[in-house]
Amino acid sequence: MGSKNRVKSSLMRRNLHKLLSNRLALVGLGIVLLLVVLSAFAPLFTKYDPSFIDVSQRLQKPSMEHLLGTDNVGRDLFARLLYGGRVSIFIGIVSALIAAAVGIIIGSVSGYFGGKIDMVLLYISEIVMSFPSMILVLVLVGFLGQGILNLIIIFTVVGWPSTYRIIRSRILSLREELFVESCRASGIGGASIMFNHLLPNALGPVVVIITLSTGGYVLAEAGLSFIGLGVASSVPTWGNIINAARNLRIMQNFPALWVAPGVAISLFSLGLSFFGDGLRDVFDPEE
Amino acid sequence: MNEEIILKVENLQTKFRVGKRIVHAVNDVSFELKKGTMLGIVGESGCGKSVTAHSIMKLLPKNGSITGGKVKYYDNNGKAHILNEYDRNSKELRTIRGKEISMIFQDPLASLDPVYTIGSQISENLREHENISKKEAFDRVVSMLFELGFSNPEERYYDYPHNFSGGMKQRVMIAIAMICNPNILIADEPTTALDVTIQAQILTLMSKMQKTHGTSTILITHNMGIVAETCDEVAVIYMGRIVEFGNLEQIFNTPMHPYTKALLKSVPVLSSGGEKRLEYIPGATPDGSEVIKGCAFADRCKHTMEICRTKQPVESIVDGSHRVLCWLYDKGGKNA
């Protein structure tokens, strides 16, 4: 009991241990971290400018000079992948975080006030969720237009209900817990109970949602960019790189141009899925 | 009776709306809590003892409301607060809750927030009511934990609730309730969820705290043994009414109400020797949503008379503070 090297929370240690012993989750985390580091520090790994057009070097095969070859206007593919990853991952992570934040705020308001406010917010979330998300995204892109910021806004609009519903339902059930009543018996005010006691208890599953939805948004961005509705084609993103390779001749003769970004997208979202599943196992009290 | 009364409950009525039905959980409950004493509220499950306690603090669920009576609390300056007239989340009530009147709940396992250390939960209550620095709060919490029998309070301060056993958690709950040195402590079946050996420990601790801090305590329990062990005065509740009220000797030596007698007979006594069978009370508690014309205990009582089924009994004063709600004693009572 009184040993010196006691860890503050054995629960945290147990959870960490559980996560670390899940090999698939670790592999997922490794892939994700690798891709994030490669993109974030792109200038360290490549000397090329992803937008520099050099027609004399067009459609090179992979070589030591150009690791993955060049595209049809002579831009280095490896550089484009790294810099493209920056934009794609940025959109994914930021959208997931903002969507979760919005969901948490609205969910707390809903759970805290209850009654009519809760009902209205719940209906709004149901309306959003009743549309197939891809269709809703397409419609919203039609209204707002292309662009990184617009994509983040759109993903937030489409994505907040999942967090909202979890937070709301968690708070509704936590509200009935005895520790809330004992807080009230100690004279602690409603807002303080809400934000200091209910919300922290409800946050666990949100981490999982953020992880999994980041992968989803990266995929969605790629899909939108591929059909020309995502980020402007001048900005390299993983979706835009594939879009640029959309040409029968290139598809047949230069597979690296579309296989490489495809693999990057798949690896990233697969890695996040593995990691997210691992996190879910940790947060799942049933296990 | 004397000026030492700290809490006075007069004709308290609490009702719950369950669908279309109205459940009368507390009917006309009146009692007084004297300063520095321990009052036991005894009764079987569902008789309204917890609701009485929650009504005092106005901690009723949304479908419950106090429909009549008064809960008067006299603070240190002798000022009377009529608690049931404050709004349920009003500032006045919140400054009284936890600081002047605090409460311990039945299930210590669920009464602590799992995401905070127990130290921060105890000092949260302290810092809610007293304007003191973190360091002072830490010191107060540590000395309180030490008083409650934690041998290494500085380390325990940083532990989470899951690191504690049930008895330890209940001690933490006592720490939370006692940290502001309240005038009244309401303990709602504090030992029901604990095993027998720990029960004794917690009760001893509560008696000790009550004596050293002079806290007036309301102990809610269904266990007559616990009452005999710790309380000064006893209120026996049946179907939301106090059927008998008196001090410990009066209730245990000269029980008057058939229900009290039956309760006392249903307590196992180890030293009784031989094969004495425990008695039980036949029948079940009636439905709280039905309006009973006569005495609610009439169907289960051995001494039921004609009048018991038709008229609600009136209170008879047996002697001094000893009062009973039963037609059997109507003739002898002065209040009849």
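The values are calculated or read from the model by the stated rules, or taken from the named source; none is laboratory data. It should be emphasised that the depicted structure is a prediction, and the values quoted were computed from it without experimental measurement. Cβ sites come from the backbone with ideal geometry, for glycine too, and all protein chains shown count toward neighbours. Just so you know, the surface numbers come from the protein's heavy atoms only, side chains and all, with ligands and any DNA or RNA stripped out. Shrake-Rupley method; radii C 1.70, N 1.55, O 1.52, S 1.80 Å.
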Exactly one condition in (1) crowded, with 20+ Cβ neighbours inside 10 Å; (2) touching a residue at least 40 places away in the same chain (Cβ under 8 Å); (3) away from chain A (no Cβ under 11 Å) is false for residue B:99; which is it? (3)
Test: residue in segment B:134-155 that is open to solvent by less than 10 Å² (accessible area, probe 1.4 Å) and within 8 Å of another protein chain (Cβ to nearest Cβ): no
Let me spell it out: the conditions are (1) within 14 Å of chain A (Cβ to nearest Cβ); (2) open to solvent by 30 Å² or more (accessible area, probe 1.4 Å); (3) β-branched (Val, Ile, Thr), and residue B:212 meets all of them except one. Which number is the exception? (1)
Does residue B:93 fit the bill of being within 12 Å of residue A:184 (Cα to Cα), assigned to a loop (DSSP other than H, G, I, E, B) and open to solvent by less than 30 Å² (accessible area, probe 1.4 Å)? no
Yes/no for residue A:137 being farther than 14 Å from residue A:203 by Cα, hydrophobic (A, V, I, L, M, F, W, C), more than 14 Å from chain B (Cβ to nearest Cβ) and open to solvent by less than 20 Å² (accessible area, probe 1.4 Å): yes
Listed by first then second residue, the pairs whose first member lies in segment A:187-198 and is more than 8 Å from chain B (Cβ to nearest Cβ), whose partner is assigned to a loop (DSSP other than H, G, I, E, B) and open to solvent by 40 Å² or more (accessible area, probe 1.4 Å), with beta carbons under 7 Å and at least 6 positions apart or on separate chains, are A:198/A:175
Residue B:84 - would you say it is open to solvent by 50 Å² or more (accessible area, probe 1.4 Å) and either farther than 27 Å from residue A:173 by Cβ or not in a helix (DSSP H, G or I) (or both)? no
Tell me, please, whether a residue that is among the small types (Gly, Ala, Ser) and either at pLDDT 90 or above or closer than 30 Å to residue A:139 by Cβ (or both) can be found in segment A:201-215. yes
Provide a single number: the residues in segment B:16-36 that are open to solvent by less than 30 Å² (accessible area, probe 1.4 Å) and either of a type in the set (Gly, Ala, Ser) or assigned to a loop (DSSP other than H, G, I, E, B) (or both). 1
Name the single residue, out of those in segment B:192-241 being farther than 24 Å from residue B:296 by Cα, in a loop (DSSP other than H, G, I, E, B) and at pLDDT 85 or above, that is nearest to the chain's Cα centre (by Cα). B:231
For residue A:272, state whether it is in a loop (DSSP other than H, G, I, E, B) and either hydroxyl-bearing (Ser, Thr, Tyr) or open to solvent by less than 70 Å² (accessible area, probe 1.4 Å) (or both). no
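Based on this model, can you work out whether residue A:177 counts as within 14 Å of chain B (Cβ to nearest Cβ), touching a Phe, Trp or Tyr at 6+ places or on another chain (Cβ under 8 Å) and open to solvent by 30 Å² or more (accessible area, probe 1.4 Å)?
no
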Need at least 3 residues that are touching a residue at least 12 places away in the same chain (Cβ under 8 Å) and not hydroxyl-bearing (Ser, Thr, Tyr) per element, so show me which helices (runs of 4 or more DSSP H) inside segment A:1-118 make the cut, counting only ones lying wholly within it. A:10-20, A:23-40, A:77-113
Of the residues A:149, A:212, which is away from chain B (no Cβ under 14 Å), assigned to a helix (DSSP H, G or I), open to solvent by 30 Å² or more (accessible area, probe 1.4 Å) and within 24 Å of residue A:122 (Cβ to Cβ)? A:212
Quick one: would you say residue A:159 is small (Gly, Ala, Ser) and more than 14 Å from chain B (Cβ to nearest Cβ)? yes
